[in-house]
Every structure is written in C-alpha cells, then in structure tokens.
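Each remark here refers to the structure printed beneath this line.
Every number here is computed from the coordinates shown, using simple stated rules; none is lab data. Quick caveat, the model's predicted, so the values are computed rather than measured. Using ideal geometry, Cβ is built from the backbone for each residue, glycine included, and neighbour counts are taken over all protein chains shown.
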Amino acid sequence: MSAVKRSYRIWLFWVISIQCLAVLVLVNWMHHRNKTRLLRRLTLKVQAIQQGIQWQRVLHWLGPKSALAQSPAPLSNPRNRNIPDHYHRLEAIYTRMRQLAADYPEVVSIQKIGESTTLSLPIYAIKISDYPHEEEDETAILFTGLHHAREPVGTLACMRLAERLAADYRRHARVRRWLDELEIWIVPVVNPDGYKFLIDHQVPFPWWRKNLRDNDGDGYFDPIIDGVDLNRNYNFNWEQGGEGNPSSWFYRGTHPFSEKEIIAIKDLALRENVVCGISFHTYGEAILYPWGNYYPPPDQKLILQVAHEMAERMLRLNGRDAYSVLPLNGRVGQSSVWLYGRLRSIDFIVELGQEHFPKQHRVEQILKAGVSAAYYLIERSQRSGLWGHVRDAQTANPVRAKIRVRGWEARHVYPRVSESRFGRFERWLLPGKYTLKIEAEGYQTKTVKNVRIYPDRLTLIEINLERKQSSLPMSHH
Ligand SMILES: [Zn+2]
C-alpha cells in the first residue's frame with residue numbers, strides 16, 4: 001500500500017472520529033447540563049468505545065507504517081540523539097563483552113545462549129568462573145539486565161559487575177575463592193531487539209519496553225500493536241498476570257515462554273540449577289522479592305532477611321537512605337516469581353535509580369549500589385545453606401531427586417531438585433536443625449535427620465539412594 005493511501009486513510013479515520021465525538025458531546029449536553037457530571041459521563045463513554053474498537057483491524061485497514069523491524073537498521077545510521085551518549089549501541093556492548101573475555105581469559109568466557117524473537121540477534125551470557133570454558137560441578141548464580149528496552153542501566157550494572165569480578169579475581173583472595181567455587185552467569189541484554197529499536201532509530205520518546213514480536217503477523221513492526229513484555233512471559237501464574245491485549249505495554253504473549261529471549265533464560269537457569277540471582281531493572285530504588293499477594297512463600301522469613309541485608313548495602317541517590325524492600329505480585333509471570341516458584345532460586349528484581357536514562361554522574365552512584373547487591377548475594381551463597389549430591393548407591397550415577405526440607409515446603413511451589421549432570425543441589429536455609437526427605441522415581445525415599453545449618457559456612461551432605469526392589473533387573477532374581 002502506498003504512503004499516500006495510508007495518510008489519506010489516517011486523515012479519514014480522524015475526521016470520522018472527531019465527528020463521532022462531536023455528536024456524542026452534543027447528545028450528552030442535552031441530557032446533562034451539569035458540567036462535572038457531563039465530563040465524567042463522556043470520559044466513561046469514550047473509554048468504553050475505545051475498548052470496543054478492534055484496533056488490530058483498524059491498523060490493518062490503515063496499512064503498514066514502515067518496515068522498521070524487518071531487518072536490523074544499517075549501522076551507518078546515526079544513533080538515537082534523544083538518548084544520552086553514555087548508553088551505547090548494542091554492537092558496542094557486545095564488543096565490550098568480547099573484550100572482557102580477551103582481557104581475562106582465565107576467568108571469563110562469552111557464551112551464546114539463544115537468539116531474539118524477531119531480528120534473530122544473539123543473546124550472550126558472560127560466564128565468570130575458574131576454567132570458564134569447562135562445564136564444572138559448581139553452584140551457579142544468575143544476573144540479568146534489560147528485559148525492558150528502555151532500561152539500559154540494567155545492562156550497565158551487569159557489565160560493571162562482570163568487570164569488577166574479573167579484575168578482583170586477580171587482586172582479592174576473597175573473590176578468587178568465590179570464583180574458584182562458583183559459576184557466575186551474567187546476561188546483560190535479555191532484549192536486544194527492543195533496545196536496538198530504541199538506540200538505532202530517532203525514536204523521540206525512548207519509552208519502548210517490549211521486544212519486537214510481530215503480534216498481528218503482517219510482517220511489519222508497529223509500536224501500537226506489536227511487542228511482548230518479556231517480564232510477563234515466564235511460566236508461573238502466567239495466565240493471571242500482565243495483559244492479554246497485544247497493544248498493552250504489559251502484553252504477556254500468546255502462551256508462557258512464547259518468546260525466544262525468555263526460553264534462553266529458562267534453559268540456562270534450568271541447566272545450571274541456579275541458586276540465587278538478581279534481574280536488574282529501572283527504576284524506583286527498591287528490591288522486589290517473591291512475593292506478596294499469593295500463597296505465602298515457604299521461605300519467606302529467609303527471603304525477607306536476605307532482601308533487607310541486601311538493601312542495607314544499597315544507598316539511594318540522596319546518599320542517606322537504603323533501598324526499599326517491596327513484595328512482587330505473585331500472580332504475574334515475572335522472572336523472580338518463576339525462578340523462585342519453579343526452581344526455589346532466591347531471586348530478586350532490583351529497580352535501580354530514579355529514572356530510565358540517568359545522567360553519567362548519577363549512573364556511577366547507581367552502579368555502585370547494583371554491584372554491592374550482587375557481591376552481597378554471592379557472599380551469602382557461601383554460608384548458611386546446604387549443598388551436596390544425590391547419586392545411585394550402586395552405580396554412583398547422578399540422580400535427579402527432590403530435596404524436601406520438613407516444615408519448609410508448600411504445595412504451590414516446586415521443591416528444590418538436584419540437577420542431572422552431577423546430581424548437585426543447593427538449598428539456602430536459616431541456621432538451625434532440619435530434617436530432609438530425598439525422593440526420586442524408582443528409588444527408596446531417604447530421610448536424613450538432625451542436619452545442622454551454620455551461620456558462617458555451608459553444610460555438605462552426600463546422598464546415596466537405593467533402587468526400589470521392583471525396579472531391579474530380572475537377572476537379580
Ligand atoms: Zn523493567
């Protein structure tokens with residue numbers, strides 16, 4: 001469809017709309033001379049009409065706007081002048097990631113974990129650990145940034161964290177010990193498509209939040225109808241959260257894990273069986289924990305303690321107060337809600353700063369708070385908890401088992417499970433004595449009593465499970 005035809009149809013659309021509005025005002029004016037009542041009534045009516053309009057059809061009738069998202073914009077285009085210079089282009093961020101791996105090969109590797117939904121751009125994870133190219137039997141922690149396109153401060157926080165850890169590995173024994181025993185996974189850009197749209201085009205109000213999913217399937221990107229809110233796409237109470245209307249900023253997608261970006265995060269988290277983490281967003285100077293208005297999480301006491309200890313280390317921009325601690329809505333398919341509900345990972349959403357695109361001098365202060373939060377969480381993963389392996393008593397092969405802690409389980413969350421490559425599991429607990437019940441299909445359930453959890457170190461426990469009699473091969477009889 002030609003541009004002339006489209007602009008003519010837009011003109012027609014507005015003429016009809018304004019005439020309808022005029023008639024509406026006139027008719028109501030005759031019934032309600034009282035101005036406040038008239039205004040209230042009109043607002044309600046316009047809202048009702050607006051909700052009744054099938055915008056998808058209207059947009060289709062208007063014709064495609066532009067081919068913006070059909071292919072990435074050429075890099076010869078000037079970057080968006082409405083975004084401050086210290087927010088770099090996606091390619092520059094990716095170059096910085098590769099440079100980090102080149103500068104610290106002993107502790108950093110870059111791994112592609114997936115591709116974006118529309119532009120098929122790579123999604124990278126920075127892995128920070130000793131022997132970073134090897135798959136080791138080590139506890140994993142996950143940090144992510146930029147689920148939402150307009151929140152590149154999250155990317156900067158991830159990059160600063162990665163750079164600090166890599167540099168500190170050489171100079172601080174404490175960090176060296178962490179990275180020798182842990183695998184830190186950092187995904188600085190979860191939503192490359194959405195960010196690329198903002199930074200490579202002269203978008204006047206850089207408030208885009210979603211990815212570039214072509215919701216109406218017309219092959220064109222239209223900001224009015226397209227895009228999925230990636231932080232509403234996780235599969236925990238997905239159907240209760242976000243919005244079902246594609247034009248909403250909080251559109252959850254057609255089904256849980258419909259977006260390739262979120263499948264990439266899901267696969268990484270499940271494979272590594274992550275134990276804790278942070279998803280960096282902007283803004284609000286708050287730590288959001290799972291969760292508020294849903295069945296109380298069985299680990300609530302522990303989660304709140306961790307959140308408050310983390311908040312104490314995060315200074316607001318006023319230089320005086322700590323970050324707030326607030327509950328997440330448990331009935332929304334957000335990252336932390338899924339990571340806790342599905343994996344029992346002690347995971348938080350951290351809302352950094354007071355705006356989406358803060359000035360350079362403020363960014364420095366904000367990143368300090370972000371790195372402090374991450375360092376606290378990494379340090380916390382080394383104490384007051386359980387770790388070990390579940391293996392087959394005969395073959396010593398790893399077993400995927402449920403590790404239940406008496407008094408700390410609930411029907412509405414999954415139990416912590418040992419992962420399949422090494423049979424490794426971790427579980428954060430408060431100091432005290434606990435009873436464990438280890439269950440796996442085909443094995444006899446094992447109960448371990450009087451497991452002591454210490455305030456200053458981890459408790460190691462190795463479990464060997466015996467096969468059930470009925471599942472022995474026939475030759476044994
Ligand atoms: Zn966000």
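Show me 277-284, 242-249, 434-441, 257-264 ranked by packing, highest mean number of other Cβ atoms within 10 Å first.
Highest-to-lowest ranking by the protection proxy: 277-284, 257-264, 434-441, 242-249.
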Virtual spin-label span in nm between residue 24 and residue 112, 7 Å along Cα→Cβ: 5.0 nm
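Just to be sure I understand: of the beta bridges DSSP finds with both ends in segment 385-475, what percent are antiparallel, rounded to 5?
Working: 19 of 27 bridges.
Just about 70 percent of them are antiparallel.
I want the antiparallel fraction of DSSP beta bridges within the chain, as a percent rounded to 5.
50 percent
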Return the FRET efficiency for the residue pair residue 445, residue 137: r is the Cβ-Cβ distance, R0 is 25 Å, and the value is rounded to the nearest 0.05. 0.55
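Shape of segment 90-380 from its Cα gyration tensor (a ≥ b ≥ c, root eigenvalues): rounded if a/c is under 1.5, otherwise prolate when a/b > b/c, or oblate? Let's see the in-between values first.
On the way: a/c = 1.40, a/b = 1.23, b/c = 1.14.
It comes out rounded by the Cα gyration axes.
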Ranked list, fewest to most other Cβ atoms within 10 Å of each Cβ, for 348, 357, 250: 250, 357, 348
Over segment 232-337, what is the mean sequence separation of C-alpha contacts under 8 Å (at least six apart), divided by residue count, expressed as relative contact order in percent? 39 percent
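Suppose R0 equals 41 Å; then what is the FRET efficiency for residue 81 and residue 173 from their Cβ-Cβ distance, rounded to the nearest 0.05?
Working: r = 46 Å, r/R0 = 1.13.
FRET efficiency, residue 81 to residue 173: 0.35.
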Using Cα centres only, tell me the gap between segment 371-417 and segment 315-370 in whole Å. 24 Å
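Nothing charged except the Cβ atoms of Lys and Arg (+1) and of Asp and Glu (-1): what's the magnitude of the dipole of segment 90-380 about its Cα centre? Round to the nearest 20 debye.
Values: 32 positive and 40 negative charges, 160 e Å.
It comes to approximately 760 debye.
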In whole Hz, what ³J(HN,Hα) sequence does segment 435-441 give by Karplus (6.51, -1.76, 1.60; θ = phi - 60°), x for Gly and Pro? 10, 9, 10, 10, 10, 8, 5
Pull up all non-local amide H partners of residue 353: gap of 5 or more, or a different chain, and H-to-H distance under 5 Å with H placed in the peptide plane. 284, 285
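Can you check what the net charge comes to around residue 307, using other residues whose Cβ is under 14 Å from the Cβ of residue 307 (Lys, Arg +1; Asp, Glu -1)?
On the way: positive: 301, 313, 380; negative: 285, 299, 309, 312, 347, 351.
Overall, the nearby charge balance is -3.
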Given H placed on each backbone N at 1.01 Å, which residues far from residue 388 in sequence or on other chains put an amide H within less than 5 Å of it? 425, 461
Proximal lysines to residue 437, defined as alpha-carbon separation beneath 26 angstrom and excluding residues fewer than eight positions away on the same chain: 301, 402, 446, 449, 468
Please identify the helices of the chain, taking whole runs of DSSP H, that span at least 24 Å along their own axis as judged from the Cα atoms and have a mean Kyte-Doolittle score of -0.5 or higher. 3-31, 35-52, 153-171, 360-380
Multiplying the sequence separation of residue 31 and residue 295 by 0.36 nm and subtracting their Cα-Cα distance, what value in nm do you get? 90.2 nm
